[in-house]
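Following: one structure in structure tokens, then a few remarks.
The values are calculated or read from the model by the stated rules, or taken from the named source; none is laboratory data. Everything quoted here is computed from the prediction, not taken from an experiment. Reconstructed Cβ throughout: ideal geometry from the backbone, glycine too, with neighbour counts over all protein chains shown.
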């Protein structure tokens, strides 16, 4: 459940080719927790988009690769913001910080947050902006390793990241090496804003598959981890440490969504060894994976266990194809991606039109959403069923 008091306000500093996950995961996670988040970019206004980049490494590469991510919609205008009205600042990484670090208005904005001692969370290459703003002298800071020399030159106490999930906190500055560390990074930020968690430590299971939608696994997975829940991801015929390739689904002027390759998502547990009774909730991402997962009888058995036991289930987009195949939608009110309406109706569910597309619904133990823009509601409603809450 999200915070019910007066919401904290957070500013996110965006730019073209910021890293896809490093923008959207904290943006939607913080909204799910009940915070108000404004995303701005110099030279752009509310409603404009920033193109994002998917960065990921490989043991076969000397550096990370880059491919196109989602189009990220801004919801505020840079030239109209008043930094004094915000309680914290988020700086995603990627390539955007290279040019943002040369913008005097950006540097002045960062200096305002440092002077006011408000929390700043910066990840990956975002620390280039901190270095350019001359706010890291004497501070312990980590980042993506190639940023280290610049931070040392700027007078920071460089903390070499042991893994790409490493984070560092020094006063009001929170830094992370890469999106792998979002759970700790976001957790530190909400606590720096005065947030407290109740009902955490829940055990949650994610039902994954090849070409599930990138955001629809990463955002809820890391959002729940940041709330100190134990979250496992499994996929039929795969084991802990294996990866599932994901798909970036977006609307770019065609009659249906486009698809691009997303991040490789690492599984945390073995499907064949999973004891469903040890988990308190189930999440089913959308994308293309549900088409084939719905044909797997072991998947069907697992989903039926959660529904028969009345445990919270959250399913989004095409995930409802699995619910339909499992026969668990009978008597349930449910939404989904509109093209999945036939599956819902034939599966005995009562169709709820997702208007607007970010509208999510809860019916008993079931939370359903239509697509990734609805993640703030989707995660918040699932938190409510689990009894997990962030309070400020």
(message) Where the second residue is loosely packed, with under 14 Cβ neighbours inside 10 Å and the first is within 19 Å of residue 18 (Cβ to Cβ) and lies in the range 96-121, which pairs have Cβ atoms under 9 Å and are six or more apart or on separate chains?
(response) 103/43; 105/79; 107/134
(message) I'd like the full set of residues that are closer than 22 Å to residue 299 by Cα and in contact with a helix residue (DSSP H, G or I) (Cβ under 6 Å, 6 or more places away or on another chain), limited to the range 345-363.
(response) 347
(request) Go through the range 144-182 residue by residue and tally those that are within 20 Å of residue 106 (Cβ to Cβ) and in contact (Cβ under 8 Å) with a residue 40 or more places away in the chain. (result) 6
(request) Report yes if residue 147 is more than 22 Å from residue 116 (Cβ to Cβ) and assigned by TED's automatic domain parsing to the domain that holds residue 116, otherwise no. (result) yes
(request) Check every one of the helices (runs of 4 or more DSSP H) wholly within the range 109-209 and list those with 2 or more residues that are within 18 Å of the chain's Cα centre (by Cα). (result) 182-192
(message) Exactly one of these conditions fails for residue 330: (1) surrounded by 17 or more Cβ atoms within 10 Å (Cβ to Cβ); (2) over 21 Å from residue 236 (Cβ atoms); (3) without any contact (Cβ under 8 Å) to a residue 60 or more places away in the chain. Give me its number.
(response) (1)
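Quick grid of which residues meet (1) over 30 Å from residue 188 (Cα atoms); (2) buried (at least 18 other Cβ atoms within 10 Å of the Cβ); (3) within 17 Å of the chain's Cα centre (by Cα):
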{"position": "220", "(1), (2), (3)": "no, yes, yes"}
{"position": "224", "(1), (2), (3)": "no, yes, yes"}
{"position": "243", "(1), (2), (3)": "no, no, no"}
{"position": "254", "(1), (2), (3)": "yes, no, no"}
{"position": "258", "(1), (2), (3)": "yes, no, no"}
{"position": "275", "(1), (2), (3)": "yes, no, no"}
(message) If the requirement is being surrounded by fewer than 23 Cβ atoms within 10 Å (Cβ to Cβ), modelled with pLDDT of 95 or more and assigned by TED's automatic domain parsing to the domain that holds residue 170, which of these qualifies: 110, 114?
(response) 114
(request) Considering (1) assigned to a strand (DSSP E or B); (2) closer than 21 Å to residue 358 by Cβ, say which one residue 21 fails and leave the rest. (result) (1)
(message) Within the range 8-43, take every residue that is surrounded by fewer than 18 Cβ atoms within 10 Å (Cβ to Cβ) and free of Cβ contacts under 8 Å to residues at least 40 places away in the same chain and give me the one that is nearest to residue 382 (Cα to Cα).
(response) 36
(request) From 370, 309, 339, grab the single residue that is buried (at least 16 other Cβ atoms within 10 Å of the Cβ) and assigned by TED's automatic domain parsing to the domain that holds residue 260. (result) 370
(request) Identify all residues within the range 47-85 that are assigned to a loop (DSSP other than H, G, I, E, B), touching a strand residue (DSSP E or B) at 6+ places or on another chain (Cβ under 8 Å) and within 28 Å of residue 108 (Cβ to Cβ); write none if there are none. (result) 47, 48, 74, 75, 76, 77, 81
(message) The conditions are (1) modelled with pLDDT of 95 or more; (2) part of a loop (DSSP other than H, G, I, E, B), and residue 38 fails exactly one of them. Which is it?
(response) (2)
